1. Can you find a residue in the stretch 187-201 that is under 22 Å from residue 41 (Cβ atoms), in contact with a Leu (Cβ under 8 Å, 6 or more places away or on another chain) and in a loop (DSSP other than H, G, I, E, B)?
2. Since residue 40 meets every condition but one in (1) β-branched (Val, Ile, Thr); (2) surrounded by 14 or more Cβ atoms within 10 Å (Cβ to Cβ); (3) farther than 24 Å from residue 121 by Cα, which condition does it not meet?
3. Taking the conditions exactly as written (more than 30 Å from residue 103 (Cβ to Cβ) and among the β-branched types (Val, Ile, Thr)), does residue 20 satisfy them or not?
4. Identify, by number, the condition in (1) β-branched (Val, Ile, Thr); (2) over 30 Å from residue 91 (Cα atoms); (3) within 28 Å of the chain's Cα centre (by Cα); (4) at pLDDT 85 or above that residue 129 doesn't meet.
5. Here are 39, 57: which of them is in a loop (DSSP other than H, G, I, E, B) and of a type outside the set (Phe, Trp, Tyr)?
6. If you go through the stretch 72-122 one residue at a time, how many are assigned to a loop (DSSP other than H, G, I, E, B) and either touching a strand residue (DSSP E or B) at 6+ places or on another chain (Cβ under 9 Å) or in contact (Cβ under 8 Å) with a residue 60 or more places away in the chain (or both)?
7. Going by what's in this entry, would residue 66 be described as assigned by TED's automatic domain parsing to the domain that holds residue 46, over 27 Å from the mean Cα position of the chain (by Cα), under 16 Å from residue 8 (Cα atoms) and modelled with pLDDT under 95?
8. Considering the stretch 1-36 alone, what residues qualify as being at pLDDT 90 or above, outside any loop (DSSP other than H, G, I, E, B), β-branched (Val, Ile, Thr) and surrounded by 13 or more Cβ atoms within 10 Å (Cβ to Cβ)?
Amino acid sequence: MAYKLYLDGVLFPVAPSKVTVKINNQNETVTLINEGEANILKAAGLSDVEFDLLLPNAEYPFALYPQKFRNAKFYLDKLEELKVQKKSFQYIMTRAFPNEKKLFHTNMTVSLEDYSIVDDAGEGFDTTVKIKLKQYREFITKTCTVDISLPKPQAAMQQTRAAGNAPSGGSYTVVSGDCLWKIAKQFYGDGGKWSVIYNANKSVIGGNPNLIYPGQVLTIPAA
């Protein structure tokens, strides 16, 4: 057989006649003030893999069994195990010409999402399974420690900033790499005042103060 399918190291007897792999998009289109639309390019989302499998209940010459014949229940039990144990596994599809000349292979870490078991009179005593897999990526939770200890009071003369140096307000156009903390640091000398800028620009920024985009024009309140 030219194509072979392995799920979690188990060779399934009949490779699917059709496999659909969907590479999902995560790009985001935003509307800029007086600048039309802009497309923010992001990394591709997790891919979806869908196919139908034939699980024979009789031994056919075109079906592959590494050691001995296994009926449909053996493979259905394997699918149930993958779902119940909530584990990721390898989806491997090998491809070759009938003369065994190799084509490209697919080796992807996936999770088992949906699967439907179909008993169809048209398939005789065999079982068909509709399977949907989703690409799986390992992730690590990062921990950020913030020091909130207050400085000890010092008996020192208070330095008053000259009135001429206080920010008088105005507007600012966001450039690449900006965040509200950085802008507050630039205008007020204190990044902790980012909320002052955010509260004055909620209608422009939206509900998430961490998402600002190049080209947005922000109002900078006076200090």
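The values are calculated or read from the model by the stated rules, or taken from the named source; none is laboratory data. As the structure is a prediction and not an experimental result, all values here were calculated from the model. Every residue, glycine as well, gets a Cβ built from its backbone with ideal geometry; the counts of neighbours run over all protein chains shown.
1. Taking the stretch 187-201 and keeping what is under 22 Å from residue 41 (Cβ atoms), we get none.
No: the stretch 187-201 contains no residue that is under 22 Å from residue 41 (Cβ atoms), in contact with a Leu (Cβ under 8 Å, 6 or more places away or on another chain) and in a loop (DSSP other than H, G, I, E, B).
2. Failing condition for residue 40: (2).
3. Values: more than 30 Å from residue 103 (Cβ to Cβ): no; among the β-branched types (Val, Ile, Thr): yes.
So residue 20 does not fit the description; no.
4. Exception for residue 129: condition (2).
5. Numbers: 39 fails: in a loop (DSSP other than H, G, I, E, B).
Step by step, each of 39, 57 is checked, and only 57 is in a loop (DSSP other than H, G, I, E, B) and of a type outside the set (Phe, Trp, Tyr).
6. First, pick out the residues of the stretch 72-122 that are assigned to a loop (DSSP other than H, G, I, E, B): 85-88, 97-101, 103-105, 119-120.
Then keep just the ones that are either touching a strand residue (DSSP E or B) at 6+ places or on another chain (Cβ under 9 Å) or in contact (Cβ under 8 Å) with a residue 60 or more places away in the chain (or both); that gives 86-88, 97-98, 103-105, 119-120.
Result for the stretch 72-122: 10.
7. On the way: assigned by TED's automatic domain parsing to the domain that holds residue 46: yes; over 27 Å from the mean Cα position of the chain (by Cα): yes; under 16 Å from residue 8 (Cα atoms): yes; modelled with pLDDT under 95: yes.
The answer is yes for residue 66.
8. Within the stretch 1-36, 10, 19, 21 qualify.
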